[in-house]
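Everything on this sheet refers to the single structure shown next.
Just so you know, all these numbers are worked out from the coordinates, no wet-lab data involved. Bear in mind the structure is a predicted one, so any value in this text is a computation, not a measurement. All Cβ positions, even for glycine, are placed from backbone atoms using ideal geometry, and neighbour counts span all protein chains on display.
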There are 2 protein chains.
Amino acid sequence: MVAELQELLGPKGLITEPAEMEPFVVDWRGRKRGTALAVVLPATTEEVSAAVRLATAAGVPVFPQGGNTGLCYGTVPGSGGPGNTPGLVIALNRMNRIREIDRTANLMTVDAGVILANAHEEAAAVGRQVPMYLGSEGSAQIGGLISTNAGGTGVVRYGPMRDLVAGVEVVLADGRVLSDLAGLKKNNTGYDLKHCFVGAEGTLGVITGAVLRMFPELRSEANAWVSVKDPADALTLLSRLQDDCDPYIQAFELLSASQVDIAFRHVPGLRMPFETTPAWNLMIELGSPDGDLDLHARFETFLAAAYEDGLVEDGFLAQSKAQAEEIWRVRHSLSESNKKEGVGVVLDISIRNSRAAEFIHTADRGAADAFPEAEIVVVSHLGDGNVHYILMFPHDYWQGLGSEEARDAKADEVMVAFHDVAAALGGSFSAEHGIGRKLTGELQRLCDPLRYEMMTRMKAAFDPDNLMNPGVLFGN
Amino acid sequence: MVAELQELLGPKGLITEPAEMEPFVVDWRGRKRGTALAVVLPATTEEVSAAVRLATAAGVPVFPQGGNTGLCYGTVPGSGGPGNTPGLVIALNRMNRIREIDRTANLMTVDAGVILANAHEEAAAVGRQVPMYLGSEGSAQIGGLISTNAGGTGVVRYGPMRDLVAGVEVVLADGRVLSDLAGLKKNNTGYDLKHCFVGAEGTLGVITGAVLRMFPELRSEANAWVSVKDPADALTLLSRLQDDCDPYIQAFELLSASQVDIAFRHVPGLRMPFETTPAWNLMIELGSPDGDLDLHARFETFLAAAYEDGLVEDGFLAQSKAQAEEIWRVRHSLSESNKKEGVGVVLDISIRNSRAAEFIHTADRGAADAFPEAEIVVVSHLGDGNVHYILMFPHDYWQGLGSEEARDAKADEVMVAFHDVAAALGGSFSAEHGIGRKLTGELQRLCDPLRYEMMTRMKAAFDPDNLMNPGVLFGN
């Protein structure tokens, strides 16, 4: 099969040297490793189709890969152990064409391998935005962002990736291409299959193209870094802001002092507008495409009133675009800084807003009792009820656990403890990171069994031989 | 089985008298009739579950019904002919409880039988809106609106029903209840099954409950009835409005003169702000939850400039809430007036905005050539690229066709002709009305065969014995 692939794809399209395959078989944080027969780098949808057809006809699994920026090992191929056939990694790096920009219809059609930052640039060039904003936007690819239904800081206004996708092109398990790139706003002709693939983590097919929704770029903006006493006050402030300025809220992010300190410790060139790090930090963006609005004045009035009422302890309202960028540079440096700080066991809790403070409070007590070695770090897309509760273990402590098995066991212990807290409050253990290979056990443990059964039926309908990203979601 | 159902549901819960069943086995326009063993009127999800279990265990099909306001006979049960077992209509009329209103999370949890107008009232009572607006809102039920992924005049701002649903509770074919009413903004724990049921027209299960998203109510508004020369100018005006006022566009509706005249002919008490009916009419609403905006002044300036440029021929900007309501009363009277005027063969075309004028132009020529007996009526959610192109046949002409077969053949002839025009322009033949029993042939004819195949696989995964609304979508 590898010889056939070589013939089909040419020298640029296939990697079989172990050293060259290395970046494609390990996750970006270097925590999980798989194995592969070869890495396929197709240039077109037709090449993906042909490669998938060859592989699955031979019973060889296919592991789709975008920018490899995930946190749940969803792009790491199988280990090649017993019952775990080595397969093909299909990395879409070379499929990076912007296919069409339709400014009137506010649609951008792209190859799945287009990097998010490039999509941002292309949209900005026509006065539009593709409003998906996250730390990895310089590497994350559109196909991966769709497959994981990515979140980020724009969700509070625009929704997750699901809401930004107007159509997908997918190579199915048998190599056939299911294409829906018409980009219609409405189409009630039966089941909307694109929603099957969004968030499916490559288990139903390989996304090769997509139509993305564009939105008007912002012409009025106001950005602030605000300090509050605790998460409960942060939520009260959010409610007040929603009552007063709901259509303008573009981002509403909560960071613990520990999180801010880590960023400043490891990422050079960051700037803090306060003398000392506040206990709880809110980074808030208001924005509108309406250039006539004075959101700066509006925000100033709002914050002054909140300060008067004791809800805000201190605040810094950016006076320039540069100052605004400085605020958001801190927010977007967190993945990088956290990786340097230690080994973070990152929880990705989703919970109704009204219960987010209670979650943090309950989790804090549990963490202090059970995991005293870890520092507690909180970064939350609070506007979405999404709390990244992180137990940050020192590198030394983590290595001192001895074996990979011991480390995995510790990580599992942390996850189970806090996932249970979330579940007891009606929340979910994966808001935006997905399941990957990391949380398959938790999915089985916490998912409604009927829902789990229906998911396996859907999987079987699309991929009866379980050759599309096996091991992801379902764990086998 | 009927005896068991009687025992189970009590006298209020079951209808078996043919005369009493009548309103449940005929569509509201009286065009299609089915037959049923009984009509089940369950009071709870548990009763739906028990009834479905009894029916499907006995091989008896189930026909879910909401407000019976559809245009494609999706709620009409099977005819009971050969290969067409009579079944149970399950009408959710008695399941009309608002289960919870969570103002902080902006969520309303309801029984599926809640009537849309009631949901509107409940949301308004807490300063919120459930932004789904259509002519049948006084009878349409939430479950039906979800099952058909309903559209209406609010889609341009808030999206179709799919975008307003945060969770569903569904009775599956075997009677088990799949419930996801947590109402989380984010939840990436595998496939998002709710999207399977949205727009599935009852073919995958019976929706019994839902969580709806609420939005802030509007505190600034401006409404206008504007006349333009032709659809192309209407689209140019839309583009200008999007550049200038995108976040405020709440509705953008286009009506032909013929459509306006029909409304005034049949519905008493309507008021027209012009001396004579304009050739093409736009009804536009701007709105924002921001009460500080003066959208009236803003709209006045915009329209004055468009008038100067010759883009707008005449315009009436509502000076009061009462005047605004008068404009929208005309828009919402169309289903009623069209039913009285004649027999309308209603096309429900979806097309990229940029091609809507071309579609109307091409269709007009085709209609004049092939169907001279019909008057052409256009009502379009132009902001969504959704054109209801209607061929209005006089009642006399239609009856004169003789048999029901001849009438069906004529309707099919019309549909095929104009669906082909839409398809040639990259459009869809069903934007918001769905497929029902009416368009199953067109779905087979026009749907990508691979997509059709994957839909049948999905159907089989959820309903292997084809007992959930058989005959709808797939035609058998």
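Just to confirm my numbers, what's the Cα centroid distance between the stretch B:355-402 and the stretch B:155-216 in Å?
If we compute the Cα centre of each part, the gap is 34 Å.
Can you put A:LEU181, B:LEU286 in order of Cβ neighbours within 10 angstrom, beginning with the fewest?
By the 10 Å Cβ count, ascending, the order reads A:LEU181, B:LEU286.
Let me check against my output: what whole-number percent is the relative contact order of the stretch B:2-91, with C-alpha pairs under 8 Å and at least 6 apart?
35 percent.
Could you state the angle between the C-alpha long axis of helix B:295-308 and the longest principal axis of the C-alpha atoms of chain B, as a value from 0 to 90 degrees rounded to the nearest 10?
Helix B:295-308 sits at roughly 60 degrees to that axis.
How far is the Cα center of the stretch A:262-341 from the Cα center of the stretch B:1-27, in Å?
Each part reduced to its Cα centre gives a spacing of 62 Å.
Fewest first, what order do A:SER333, B:SER239 take by the number of other Cβ atoms within 10 Å?
Least to most surrounded, the residues fall as B:SER239, A:SER333.
Arranged by the count of other C-beta atoms within 10 angstrom, fewest first, what order do A:GLU122, A:GLU47, A:GLU404 take?
Result, fewest neighbours first: A:GLU404, A:GLU122, A:GLU47.
Please work out the ratio of the alpha-carbon Rg of the stretch B:300-379 to 2.2 N^0.38 Å and round it to two decimals.
Here the answer is 1.43, to two decimals.
Once you charge only the Cβ atoms, +1 for Lys and Arg and -1 for Asp and Glu, what is the size of the charge dipole of the stretch A:1-58 about its Cα centre, to the nearest 20 debye?
Computed charge dipole of the stretch A:1-58: roughly 360 debye.
In Å, what is the Rg of the alpha-carbon atoms in the stretch A:313-466, and how long is Dmax?
When restricted to the Cα atoms of the stretch A:313-466, Rg and Dmax are 18.2, 58 Å.
How much length would be gained if the chain were fully extended between A:GLN444 and A:ALA297, taking 0.36 nm per residue of separation minus their Cα-Cα distance, in nm to one decimal?
The span from A:GLN444 to A:ALA297 would gain 47.9 nm if fully extended.
Explain nothing, just the number: relative contact order of the stretch B:125-243, from Cα pairs under 8 Å at least 6 residues apart, as a whole percent.
30
Could you work out how far apart the two model spin labels at A:ARG31 and B:ASP364 are, taking each label as a point 7 Å from the Cα in the direction of the beta carbon, and quote it in nm?
Distance between label points: 6.2 nm.
Report, to two decimal places, the Cα Rg of the stretch B:273-346 normalised by 2.2 N^0.38 Å (N = number of residues).
Cα-based Rg divided by the globular estimate yields 1.35.
Identify the residues of the stretch B:332-376 with backbone N under 17 Å of a label point that sits 7 angstrom from the Cα of B:LYS229 along the Cα-to-Cβ direction, or state none.
Inside the label zone: B:357-358, B:361.
Could you calculate the contour length gain from B:ASP412 to B:GLN323, that is, 0.36 nm times the residue separation minus the distance between their Cα atoms, to one decimal place in nm?
28.0 nm
Can you give the calculated 222 nm mean residue ellipticity of chain B, where each DSSP H run of n ≥ 4 adds -39,500 (n - 2.57) and the sum is split over every residue, rounded to the nearest 500 deg cm²/dmol?
Helix-only estimate at 222 nm: -11000 deg cm²/dmol.
Is the shape of the stretch B:220-331 rounded, prolate or oblate, going by the alpha carbon gyration tensor and its root eigenvalues a ≥ b ≥ c, with a/c under 1.5 for rounded and a/b larger than b/c for prolate?
Cα axes put the stretch B:220-331 in the oblate bin.
Computed on alpha carbon atoms, what radius of gyration and Dmax characterise the protein assembly as shown, expressed in Å?
My reading of the Cα-based Rg and Dmax gives 28.3, 89 Å.
Once you've got the Cα coordinates, tell me which of A:LYS229/A:LYS321; B:LYS340/B:LYS438; A:LYS186/B:LYS229 are over 23 Å apart.
A:LYS229/A:LYS321; A:LYS186/B:LYS229
Over chain B, what is the mean sequence separation of C-alpha contacts under 8 Å (at least six apart), divided by residue count, expressed as relative contact order in percent?
The normalised contact order for chain B reaches 16 percent.
Where does helix A:231-245 land angle-wise versus the long Cα axis of chain A, in degrees 0 to 90, nearest 10?
90
Given Cα positions, please report Rg to Rh for the stretch A:2-91, the hydrodynamic radius being the Kirkwood one.
0.94
Taking the Cα atoms only, what angle lies between the long axis of helix B:404-424 and the longest principal axis of chain B, rounded to 10 degrees?
Its long axis makes an angle of about 60 degrees.
In whole Å, what three semi-axes, largest first, describe the equivalent ellipsoid of chain A built from its Cα gyration tensor (square root of 5 times each eigenvalue)?
Semi-axis lengths for chain A are 37, 28, 20 Å.
Classify the stretch B:98-216 from the C-alpha gyration tensor, please: rounded if a/c falls under 1.5, else prolate or oblate depending on whether a/b exceeds b/c.
prolate
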